[in-house]
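Have a look at the structure below before the remarks.
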Amino acid sequence: MFSRIIWLSAFALGGCASAIHDKNSDNYTLVGYQAQQRGDWDAARRAYAKAVVNAEMGHTPIKSRSIRTYEYGRALGVTCFFDLAEAELKMAYKLDKQSSQPLFLSLVELARLNFSQEKFVASLPYYEEAISELDKTSAAEKAPGGYAEILEEYAIALAKAGKVVDSKRITAKVSEIKTKNPKASSITEKTPYGKFCTTK
């Protein structure tokens with residue numbers, strides 16, 4: 001859904017070894033992003049893995065590490081390494097908290113990762129926390145299309161989990177948002193979890 005590569009900033013690092021690892025991490029991140037853009041998620045996964053390792057070895061600032069970890073988690077999920085994907089996205093969330101970054105990005109991806117596997121009950125806490133974080137940013141007014149899309153997914157997950165009353169309540173909220181914003185649409189694409197599986 002949300003690619004965070006464009007958020008990457010350059011950080012000055014002390015020490016030759018750290019600088020080399022940081023430069024390598026930057027290079028692998030760019031390779032991963034370019035592969036992702038052309039739809040080669042396996043190549044993206046491999047590049048992001050190296051970006052994360054080099055970032056850790058180079059003691060890259062937490063904000064930058066969180067972005068790399070997030071992208072690696074997404075690529076893992078797209079290529080069907082679901083357990084590893086969840087672990088990396090959870091780590092990205094942890095790093096985001098440590099560096100005071102927006103938390104809804106990793107939470108939405110964790111929700112969608114589980115939703116795509118039809119693990120609807122497991123997806124609910126992630127949707128709920130993500131929506132709570134989005135509400136803090138007034139997302140319903142600032143980005144109604146994307147916000148409504150996430151609410152729609154949440155409503156489906158609730159229904160699949162047997163929480164029909166709650167699902168209807170959220171569906172009504174979605175209808176209200178769409179009525180107020182008839183031309184609104186999401187400006188981002190969903191991460192295609194499980195669509196490009198690989199075995200190695």
Enter the angle in degrees (range 0 to 90, nearest 10) between the Cα long axis of helix 16-37 and the first principal axis of the Cα atoms of the chain, meaning the one along which they spread out most.
40 degrees
Inter-label distance for E152 and E56, nm, one decimal - labels placed 7 Å from Cα along Cα-to-Cβ:
3.8 nm
Nearest 500 deg cm²/dmol is fine: what mean residue ellipticity at 222 nm does the chain get from its DSSP H runs of n ≥ 4 alone, each adding -39,500 (n - 2.57), divided by its residue count?
-23500 deg cm²/dmol
Over the chain, what percent of the accessible surface lies on carbon and sulfur atoms, probe 1.4 Å?
56 percent
Using 0.36 nm times the number of residues separating K200 and S175, minus their current alpha carbon distance, what extension gain do you get?
4.7 nm
Gap in Å between the Cα centre of region 134-200 and the Cα centre of region 79-133?
15 Å
If you take Rg/Rh (Cα atoms, Kirkwood Rh) from the coordinates, which of (1) 0.93; (2) 1.01; (3) 1.13 do you get?
(2)
Using a simple charge model, +1 on the beta-carbon of Lys and Arg, -1 on the beta-carbon of Asp and Glu, nothing else, what dipole does region 77-200 show about its Cα centre, in debye to the nearest 20?
220 debye
My understanding is that a pair violates if its Cα-Cα distance is over 18 Å; which of K97/K190; K119/K163; K23/K50; K142/K183; K63/K90 do that in this structure?
K97/K190
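Does region 113-200 come out rounded, prolate or oblate by the C-alpha gyration tensor, with a ≥ b ≥ c the root eigenvalues, rounded set by a/c under 1.5 and, if not, prolate when a/b is larger than b/c and oblate if not? Before the final figure, lay out the partial values.
Details: a/c = 2.00, a/b = 1.35, b/c = 1.48.
Oblate, since a/c reaches 1.5 and b/c is not below a/b.
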Rounded accessible area per residue of the chain, 1.4 Å, Å²:
51 Å²
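The values are calculated or read from the model by the stated rules, or taken from the named source; none is laboratory data. All of these numbers come straight from a predicted model, not from anything done at the bench. Here the Cβ is made from the backbone with ideal geometry for all residues, glycine too, and neighbour counts use every protein chain on show. Quick note on the areas: whole protein, heavy atoms, side chains included, nothing else; ligands and nucleic acids left out. Shrake-Rupley method; radii C 1.70, N 1.55, O 1.52, S 1.80 Å.
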